[in-house]
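Colleague: Please read through the structure below; I'll follow up with questions.
No value in this document is a laboratory result; all are computed from the given coordinates. Predicted, not measured: the structure shown is a model, and the values here were computed from it. Cβ placement follows ideal geometry from the backbone for every residue including glycine, while neighbour counts extend to all protein chains displayed.
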Amino acid sequence: MIEPAGLDPLVQGYAPGAPMGWRAGQSVSIERFLGVAAALARRLPQARETTAANTVAAVARPELLHPGVRRYLAELGLGVRS
């Protein structure tokens, strides 16, 4: 389930309309990011089951994860060094 902005640890601290990232030189708002994530979850049933803990369990070696993902997982306390 996609949590509303402010409840999911990934998006805590983002104000409504705040840029979450960039794509093709344009900012992506937190609402757009969450909307795309929800659309992906609807199209791919397995996307609804993806959790941070499952990611840690499935990766062969933590260094294969993007550094930002490693930092996020470490902040969640999932035993991944950032």
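Colleague: When you scan the stretch 56-66, how many residues do you find that are under 13 Å from the mean Cα position of the chain (by Cα) and either loosely packed, with under 10 Cβ neighbours inside 10 Å or small (Gly, Ala, Ser) (or both)?
Modeller: 1
Colleague: From the list Val69, Val28, exactly one residue is surrounded by 11 or more Cβ atoms within 10 Å (Cβ to Cβ) and assigned to a strand (DSSP E or B). Which is it?
Modeller: Result: Val28 is the single residue among Val69, Val28 that is surrounded by 11 or more Cβ atoms within 10 Å (Cβ to Cβ) and assigned to a strand (DSSP E or B).
Colleague: For the stretch 72-82, how many residues are surrounded by 14 or more Cβ atoms within 10 Å (Cβ to Cβ) and either among the charged types (D, E, K, R) or in a helix (DSSP H, G or I) (or both)?
Modeller: 3
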